[in-house]
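Student: I'd like to ask you about the structure that follows.
No lab work stands behind these numbers, since they all come straight from the coordinates. Everything quoted here is computed from the prediction, not taken from an experiment. So basically every Cβ, Gly included, is an ideal-geometry build from the backbone, and we count neighbours across all protein chains shown.
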Amino acid sequence: MRRALAVLRAQLRASISLAAQYRLDFVVEGLLALLWMGVTLVPVYVVFGTRPSVAGWTFPETLLVIGWFIALKGFLEGTIAPSLTNVIEHVRKGTLDFVLLKPVDAQLLISLSKIEPWKVIDLLGAGAIFVYAFRQIGHSPSLGQVLLAGVLLLAALAVLYSIAILVVAIAFFAVRVDNLLYLFQSIFDVARWPSSVFRGTLAIVFTWVLPLALMTTYPALALLGRLSMQTALGALAGTAVFTLAARLVWKVSIGKYTSASS
């Protein structure tokens, strides 16, 4: 654990130093992040401009889902996507040896190989949305609700990361999988809406196959005090399964890796 934290600090320090070299890029990316958040909120304003609720969710309650979505999107695009895209390039060129030979767990190292620190703006924006939403609701969540939401947030991060690892693992068997990672990022946009909006097959897919409900809807329900303990425990169990599956698939994929020198 101590070595993992040391690696995390080193990677974060290197990423911040790299970003500081191009300060204009930092400002531009920050402005684009604010613009993207505005674009994300527009459909919600349009929908609730004609009705008081959608699938049992009011406007401020839906903003909680949006807040979680923006926070997770920042995590996905600020750490997971740029780091794992580098892995695909290493596998394609046969240069992953430089990572595998280092005295650190390879999965940990490649997962944090590139961090975009300006994505912290998404986290600040999500926090502002939470504050506004609860002001509209008229009361704040209890400590227990906040703690449960925090646990589910960690579970959501683990599932999001595990799915990305499963997608990237295909690179060890196929030539190009860049588009699959981009496709997953596009599908993740669905998580901006509460899971109860979807019906039939879509509800099953976005709850059990790609657990988008766990990522944004469940933490929002936890903050609202409407998530049952049974559902929360089921979500945590599902998280454990996804995490274990991702680790096992990664191990198998590494065994299939052929370097440039082979």
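Student: Which net charge results when you count Lys and Arg as +1 and Asp and Glu as -1 among the other residues whose beta-carbon is under 15 Å from that of Leu224?
Tutor: With Lys, Arg at +1 and Asp, Glu at -1, the net is +1.
Student: Let me ask something additional. How far is it, in nm, from the label point at Asp97 to the one at Ala128 when both lie 7 Å from their Cα along the line to the Cβ?
Tutor: 4.9
Student: Using the Cα centre of the chain as the reference point, and only Cβ charges (+1 on K/R, -1 on D/E), how large is the resulting charge dipole? Debye, rounded to the nearest 20.
Tutor: Computed charge dipole of the chain: roughly 400 debye.
Student: Over all distinct Cα pairs, what is the inverse of the mean 1/r for the chain, reported as the Kirkwood hydrodynamic radius in Å?
Tutor: Over the chain, the inverse of the mean reciprocal pair distance is 19.7 Å.
Student: Just give me a number: lysine pairs in segment 2-255, eight or more positions apart or cross-chain, with C-alpha atoms less than 27 Å apart.
Tutor: Lysine pairs meeting both conditions in segment 2-255 amount to 9.
Student: With just the Cα atoms of segment 121-249, tell me how far they stretch along each of the three principal axes, in Å, largest first.
Tutor: Taking max minus min along each principal axis of the Cα atoms, segment 121-249 gives 53, 31, 29 Å.
Student: Among Gly49, Gly30, Gly234, whose mean-square fluctuation peaks in a Gaussian network model of the chain (Cα, cutoff 10 Å)?
Tutor: Gly49
Student: Ignoring the sites themselves, what is the longest stretch of the chain with no trypsin sites (Lys or Arg not before Pro) in a DSSP loop and at most 11 other beta-carbon atoms within 10 Å?
Tutor: Longest run free of exposed loop sites: 1-175.
Student: Would you mind checking the tilt of helix 229-255 against the longest principal axis of the Cα atoms of the chain, expressed as 0 to 90 degrees and rounded to 10?
Tutor: Value to nearest ten degrees: 20.
Student: Helix 178-188 against the longest principal axis of the chain: what's the angle in degrees, Cα atoms only, rounded to the nearest 10?
Tutor: Rounded to the nearest ten degrees, it is 20.
Student: Fewest to most neighbouring Cβ within 10 Å: what's the order for Thr58, Thr207, Thr217?
Tutor: Thr58, Thr207, Thr217
Student: Once the Cα atoms of helix 143-169 and of the chain are each reduced to a long axis, what angle between those two axes, in degrees from 0 to 90 to the nearest 10, is obtained?
Tutor: Once rounded, one gets 40 degrees.
Student: Can you put Asp25, Asp122 in order, fewest other beta carbons within 10 Å first?
Tutor: Least to most surrounded, the residues fall as Asp25, Asp122.
Student: Round to the nearest 0.05 the FRET efficiency obtained for Leu233 and Asp25 when R0 = 30 Å and r is the Cβ-Cβ distance.
Tutor: Given R0 = 30 Å and the Cβ-Cβ separation, E is 0.10.
Student: Would you order Trp208, Trp57 from fewest to most other beta-carbon atoms within 10 Å of each residue's own beta-carbon?
Tutor: In increasing order of surrounding Cβ atoms, one gets Trp208, Trp57.
Student: When only C-alpha pairs under 8 Å and at least 6 residues apart count, what is the relative contact order of the chain, in percent?
Tutor: 27
Student: Could I ask something else about it? Shape of segment 77-122 from its Cα gyration tensor (a ≥ b ≥ c, root eigenvalues): rounded if a/c is under 1.5, otherwise prolate when a/b > b/c, or oblate?
Tutor: oblate
Student: Given only helices, namely DSSP H runs of n ≥ 4 each adding -39500 (n - 2.57), what is the per-residue ellipticity at 222 nm of the chain, to the nearest 500 deg cm²/dmol?
Tutor: When only DSSP H runs of four or more count, the value is -22500 deg cm²/dmol.
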